[in-house]
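Below: one structure, written as structure tokens.
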Amino acid sequence: MTRHTLFLSLAMSAISLVISAGEVTNAQPDLPSAPPELQLKTTDLSCFELDDRLTRLTPKTYSEAPEFYSDPRNGAAVWVGTLWTPAWAYLGYAGLRQEYRESRMAAAHAEMDQLRQLKARRHCYER
């Protein structure tokens, strides 16, 4: 086995390890469509519509992905990066993916706060 062939086989096994270490995610994470101030310009929503919008926003506030330093795929990328330099690019991708996830969650929390304030101003579900 030549040195080049050995290097390629190690790289391929490391890449398969990285892929099998966690779930396969889309390359483009969800981005907030518009700032919450622009989305809530219509204040003619009923209490039921406000609740429905809150319910639809709730899943966007969850993240089951591990933190950057707890993610085993990042550790594998560091390990593979010592043998194969392009593997370091995965760390940049992982950091960018985490930033997108956090911005999506922050935008959803901000919009939910505004919806709750609007519900409170309207005295929804008070008797």
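A few comments on the model shown:
- Size of segment 33-122 from its Cα atoms: along the principal axes, largest to smallest, the extents are 61, 21, 14 Å.
- Charged-residue dipole, Cβ positions (Lys, Arg, Asp, Glu), segment 33-122 about Cα centre, Debye nearest 20: 140
- Among the GluC sites (Glu not before Pro) within segment 45-127, those in coil by DSSP and having at most 12 neighbouring Cβ atoms inside 10 Å are Glu64, Glu67, Glu126.
- Dipole of segment 33-122 [Lys/Arg +1, Asp/Glu -1 at C-beta], most positive-end residue of Gln117, Trp79, Tyr100: Gln117
Values in this text are rule-based calculations from the coordinates and carry no lab data. For clarity, every value in this text was computed on a predicted model and none was experimentally measured. Here the Cβ is made from the backbone with ideal geometry for all residues, glycine too, and neighbour counts use every protein chain on show.
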